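A.B. asks: One structure is given below, represented as structure tokens, and several questions about it will come after.
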Amino acid sequence: MANDAVEDPQTEQPAELPLSDVGLIGALARLLDDQMVKKVIKPRIDAPKVPLLKAYKGGQSELVVQIAGDIIGRYKVNLAQPKIVVDEDNEAALNKYADKHGGIKVTIARDATWEKALLDFAEYDEDTGLIIDTRTGEVVPGLKYEQGGQPTGGLTWTWEKKDVGKKRLMRHYQEGSLNYLLQEAPELMAGPRPTAEDAQH
């Protein structure tokens, strides 16, 4: 029968994790990123910088990275290119030259400080739907009221009591308490597990 070949779509998809587990995986990813990437990986990426800059003073501007004669890549000291720039100590002379040759442009724009103060003192009148400058009582054109309380699409993460949450999660991670979740996020199992000392940094 034709219906025999069609599987139930619900059996094809794995069960969705509870939000609490998804949050726990997210927290662990943050912890590992914070501990491993910033502490272990990032310094390794930047490690050649200081010695190569020192070697540059002795005449070496490039480091060829190779394994058994096979070139993997190169680090090269970036050099500033020569260019002409404005002499900040003599801008008045340049301004005179620019004025003489049509290089002066006048731009009219709202003062950002004034605008911030206006927005601080502006108030929405619920009855009229107008925005009022509370300093003058005038209706302010060009402003609109946006209803608050809707999700912005972003999230904010805060560790419990600064490092306390990190240490707790690291302890559970090391003890294997999260192994059931790591099956859903195997990339978080890569490499050796961080030590208790890592959680303190």
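A.B. asks: One residue is enough: does the stretch 75-93 have a residue meeting the conditions open to solvent by 80 Å² or more (accessible area, probe 1.4 Å), in contact with an Asp or Glu (Cβ under 6 Å, 6 or more places away or on another chain), at pLDDT 80 or above and at negative phi?
C.D. replies: Within the stretch 75-93 (the criterion being open to solvent by 80 Å² or more (accessible area, probe 1.4 Å), in contact with an Asp or Glu (Cβ under 6 Å, 6 or more places away or on another chain), at pLDDT 80 or above and at negative phi), the answer is yes, since at least one residue qualifies.
A.B. asks: So, in the stretch 128-158, of the ones that are open to solvent by 100 Å² or more (accessible area, probe 1.4 Å) and modelled with pLDDT of 90 or more, which residue ends up farthest from Arg30 (Cα to Cα)?
C.D. replies: Among those that are open to solvent by 100 Å² or more (accessible area, probe 1.4 Å) and modelled with pLDDT of 90 or more, it is Glu138.
A.B. asks: While we're on this one: Those residues that are among the aliphatic types (A, V, I, L, M) and in a helix (DSSP H, G or I), I need them from the stretch 85-103; list them, please.
C.D. replies: Those that are among the aliphatic types (A, V, I, L, M) and in a helix (DSSP H, G or I): Ala92, Ala93, Leu94, Ala98.
A.B. asks: Then there's this: Among what's in the stretch 29-68 and is loosely packed, with under 10 Cβ neighbours inside 10 Å and of a type in the set (Gly, Ala, Ser), pick the residue that is modelled with the lowest pLDDT.
C.D. replies: Among those that are loosely packed, with under 10 Cβ neighbours inside 10 Å and of a type in the set (Gly, Ala, Ser), it is Ala68.
A.B. asks: All but one of (1) open to solvent by 70 Å² or more (accessible area, probe 1.4 Å); (2) modelled with pLDDT of 70 or more hold for His201; which doesn't?
C.D. replies: Among (1) open to solvent by 70 Å² or more (accessible area, probe 1.4 Å); (2) modelled with pLDDT of 70 or more, the lone unmet condition for His201 is (2).
A.B. asks: Output the number of the condition that Gly26 fails; it satisfies all remaining conditions of (1) open to solvent by less than 80 Å² (accessible area, probe 1.4 Å); (2) at pLDDT below 75; (3) part of a loop (DSSP other than H, G, I, E, B).
C.D. replies: All conditions pass for Gly26, except number (3).
A.B. asks: Looking at the stretch 78-92, is at least one residue touching a Leu at 6+ places or on another chain (Cβ under 8 Å) and of a type outside the set (A, V, I, L, M, F, W, C)?
C.D. replies: Yes.
The values are calculated or read from the model by the stated rules, or taken from the named source; none is laboratory data. Source: prediction; values computed, not measured. Every residue, glycine among them, receives a Cβ derived from its backbone with ideal geometry; neighbour counts consider all protein chains shown. Heavy atoms of the whole protein, side chains included, go into the accessibility calculation; ligands, DNA and RNA do not. Shrake-Rupley method; radii C 1.70, N 1.55, O 1.52, S 1.80 Å.
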